[in-house]
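Contents: one structure, followed by commentary.
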Amino acid sequence: MEKRFEEVAGFFKALSDPNRLIIVEMLENGELCACELLEKLHISQSTLSHHMKILCEAEIVNCRREGKWMRYSLSSKGCKKAYRLLSIIAKAPEPCEADKRCCEEAEASE
């Protein structure tokens, strides 16, 4: 499989968990430390670390160490990638009437 497809799949997989979507939404307002995320999510530190590792590997979130805490922010590179991917999907043409009939006939025969 082409590497780009693996990257796209990894990107969407990273966003396929409700806790990770909450984290992304929380980071919309700017950088937060792990302790702030933990307070609002009510999950364990190890669970947060797991989610953040996935988000960072997918380049959705940036992280940096500040003393003993990790601080997280949305990645502009990741946001641009998400926008490009979703723009491609949004431009998909509507199925024509013939396609709709074909699909409806296939569903009816099942």
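The values are calculated or read from the model by the stated rules, or taken from the named source; none is laboratory data. All values derive from a computational prediction rather than experimental measurement. Here the Cβ positions follow ideal geometry from the backbone for every residue, glycine too, while neighbour counts run over all protein chains shown. Accessible surface areas use protein heavy atoms only, side chains included; no ligands, DNA or RNA. Shrake-Rupley method; radii C 1.70, N 1.55, O 1.52, S 1.80 Å.
Looking only at the stretch 52-81, how many residues end up being outside any helix (DSSP H, G or I) and either more than 14 Å from MET26 (Cα to Cα) or of a type in the set (S, T, N, Q) (or both)?
Just the residues of the stretch 52-81 that are outside any helix (DSSP H, G or I), to begin with: 58-75.
Pick out the ones that are also either more than 14 Å from MET26 (Cα to Cα) or of a type in the set (S, T, N, Q) (or both) and you get 58-59, 62-70, 73, 75.
Looking only at that region, the number is 13.
Taking the stretch 1-51 on its own, how many of its residues are more than 15 Å from GLY78 (Cβ to Cβ), assigned to a loop (DSSP other than H, G, I, E, B), aliphatic (A, V, I, L, M) and open to solvent by less than 100 Å² (accessible area, probe 1.4 Å)?
Qualifying residue count for the region: 1.
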